[in-house]
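Read the structure below first, then the notes.
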Amino acid sequence: MKAIMLMFDSLNKHMLSAYGCDETITPNFQRLKKKTVRFNNFYVGSMPCMPARREIHTGRYNFLHRSWSPLEPFDDSMPEILKKHGIHTHLVTDHKHYWRDGGATYHSRYNTYEFIRGQEGDAWKGVVDKPEYRYESGEPEEIKQRRITSRTQHQINVQFMQNEEDHHLARTINSGLEFIHTNQAADNWFLQLECFDPHEPFFVPEKYLKMYGIDDPATFDGWPPYYFVTEDDARKSVIQKYYKALLTMVDEYVGRVLDYMDKYDLWKDTMLIVNTDHGFLLGEHDWWGKNIMPLYNEVACIPFFIWHPECGGAGESRDALAQTIDIPATLLDFFGLDKPADMQGVSLKPAIASDTQVREYALFGYHGCHINITDGRYVYMRAPVERDIDELYEYTLMPTRINRRFTPGELQGLTLHPGFSFTKGCPVMKIPAESVMTRVADRFGHRLYDLVSSAKQECQCRDMSVAKRLLASMEQGMRASDAPEELWDRYGLTDPQTPLLGLDPSLVPEFSDSAPDVRYGLLCLQQHLENSGQGDVVSRLQASETSAWSRDDLWQFVLDEVPAEQHQAVFYKMALEMRLN
């Protein structure tokens, strides 16, 4: 038995013709659709990049306990389990996070591995006189400087990739094809062929850009902002076309893998998985990227194709709910191995064979932000309630972040925690957590979406019975994951008075005549004031002539009536709500 997992990063399924998109040129994804089983309700788990990859190794959620993380000493690793049972595991990737501090324990779980250099801001080619890159944003200085460094290094790297065959995507796929060619007649191997594209920067050869009407490659630098859409429609279209062009290039190389599947008749004995870690917002919901906004389905519901030679089903689709934590259990099952006791994921074989339900719900989220749950039809998002940041912790024996070690200052507040059900008797460090994403983490409120009545999640659902049912399942999932005890208070789960859903404009008559954007800003402000015990200010707000208010009137009310130390948080919350609803 053999298996190939062809993985991409930031692959938005809504941009694939195999999922009904007619705006992109992706004939090989169409070809893939005809050769495999396509899942329609496949969800992320732990977000973003390395948390998702940790799930692909361990088959369990990690976002409740940890943010970005290496594999821990107590983690079970699917590739390592295969390796220990005589199955050769090989990793080919240009995903630069594997050789940064926050991903350094992954590659050595495989028998062999190849790194393809030059992606994103990979510290690859050394040029002393660096080009200047200006990047202005309202982000913390650490984040801003990291992005400047990454973009400057990218400008250096691309000088060494002038031709398509030098492009990191081409080199990655070709290295994977070399492994397939060398070992196609052998048995018992697993190839993880993993490409960073179509993740930004959207570095695309000119021929693919021309397919979308872009004649000058310098029209856009390839870096979409992780922020509100502030661009006009013309500029927004240009950014989207760069992603589409890169997606078409990805499609070309998907075709080359399929060619090798055909050439060596691997369909008879080889499992093929084509997947991604998460999607990417391209202006939907007025956002670019991921990380800050709620986990809408453009990011959370991801493409997943699988060929299981024992199950067949080529060209068919499945509606059974599944997610990333199910991938390792499926691979272990394919090779005839039992999954570890701590693995929460389940084998997808019954779903592949006959669309049999394998799970009732899927949890997903970022550490410290919304905890999300779906049953395939509804998505419930549970926001933190207003609490101090020191009520969130990282639990780890590997104190590194995405690109650095924890600082001595961060570690001075650590205590030793006795450990969790999955740490195999090991105590772990309990470290106070803080990040850009978790500051003012209650800003989006609790949300419920019915994917039947609002497939694009444009209108929130107000069915309290559904919210209550999903919240009960969420609590059950948290208990099954041995979630840290402080999360129950952080998400208002210990207080029966915490509302199930955020405010609804239609339920507040005094705001009903305001412009829609101002109405949401008013509601957000009222929610903040009520949560922080400023009832007197709420009364003055409700007594105002809100139907004639503009944004400027709203800002001025905050300046006049809300304590100055709260202004930054309140303005941020209102700005988010006024763009998102």
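The values are calculated or read from the model by the stated rules, or taken from the named source; none is laboratory data. Everything numeric here is computed off the predicted structure, so don't read it as measured data. Don't worry about glycine lacking a Cβ; one is built from the backbone with ideal geometry, like all the others, and counts go over all protein chains shown.
Residue by residue, here is whether (1) closer than 26 Å to ILE431 by Cβ; (2) not aromatic (Phe, Trp, Tyr); (3) not assigned by TED's automatic domain parsing to the domain that holds TRP68 holds:
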{"position": "LYS290", "(1), (2), (3)": "yes, yes, no"}
{"position": "TRP307", "(1), (2), (3)": "no, no, no"}
{"position": "ALA329", "(1), (2), (3)": "no, yes, no"}
{"position": "LYS339", "(1), (2), (3)": "no, yes, no"}
{"position": "PRO350", "(1), (2), (3)": "no, yes, no"}
{"position": "ARG377", "(1), (2), (3)": "no, yes, yes"}
Total residues in the stretch 194-221, condition more than 23 Å from LEU6 (Cβ to Cβ) and either in a loop (DSSP other than H, G, I, E, B) or touching a strand residue (DSSP E or B) at 6+ places or on another chain (Cβ under 8 Å) (or both): 7
Residue within the stretch 66-88 that is touching a residue at least 40 places away in the same chain (Cβ under 8 Å), among the aliphatic types (A, V, I, L, M), under 19 Å from GLY279 (Cα atoms) and in a helix (DSSP H, G or I) present: no
Residues being without any contact (Cβ under 8 Å) to a residue 40 or more places away in the chain and among the polar types (S, T, N, Q) - total across the stretch 184-236: 2
Residue match in the stretch 125-141 (condition: out of contact with any Cys (no Cβ under 7 Å at 6 or more places or on another chain) and at pLDDT 90 or above): yes
Residues of the stretch 222-241 classified as in a helix (DSSP H, G or I), of a type outside the set (D, E, K, R) and out of contact with any helix residue (DSSP H, G or I) (no Cβ under 7 Å at 6 or more places or on another chain), total: 4
Tally, over the stretch 405-428, of residues that are closer than 15 Å to LEU71 by Cα and of a type in the set (D, E, K, R): 2
Filter result (surrounded by fewer than 16 Cβ atoms within 10 Å (Cβ to Cβ) and either of a type in the set (Gly, Ala, Ser) or in a strand (DSSP E or B) (or both)) within the stretch 256-285: none
Residues satisfying the stated conditions in the stretch 428-465, i.e. aliphatic (A, V, I, L, M) and crowded, with 19+ Cβ neighbours inside 10 Å: VAL428, ILE431, ALA441, LEU448
Some residue of the stretch 384-392 being at pLDDT 95 or above, among the aliphatic types (A, V, I, L, M), on the phi < 0 side of the Ramachandran plot and in contact with a Pro (Cβ under 9 Å, 6 or more places away or on another chain): no
Identity of the residue in the stretch 26-44, in contact with a Leu (Cβ under 7 Å, 6 or more places away or on another chain) and outside any helix (DSSP H, G or I), that ends up farthest from LEU321 (Cα to Cα): THR26
Residues within the stretch 108-135 that are surrounded by fewer than 19 Cβ atoms within 10 Å (Cβ to Cβ), in the same structural domain as PRO79 (by TED's automatic domain parsing) and in contact with a helix residue (DSSP H, G or I) (Cβ under 6 Å, 6 or more places away or on another chain), tallied: 3
Those residues of the stretch 394-413 which are at pLDDT 95 or above and touching a Lys or Arg at 6+ places or on another chain (Cβ under 7 Å), in sequence order: GLU394, TYR395, THR396, PRO399
Among (1) modelled with pLDDT under 90; (2) in contact with a strand residue (DSSP E or B) (Cβ under 7 Å, 6 or more places away or on another chain) - the single one PRO484 does not satisfy: (1)
Residues (within 22 Å of the chain's Cα centre (by Cα) and surrounded by fewer than 24 Cβ atoms within 10 Å (Cβ to Cβ)) located in the stretch 348-364: ARG359, GLU360, TYR361
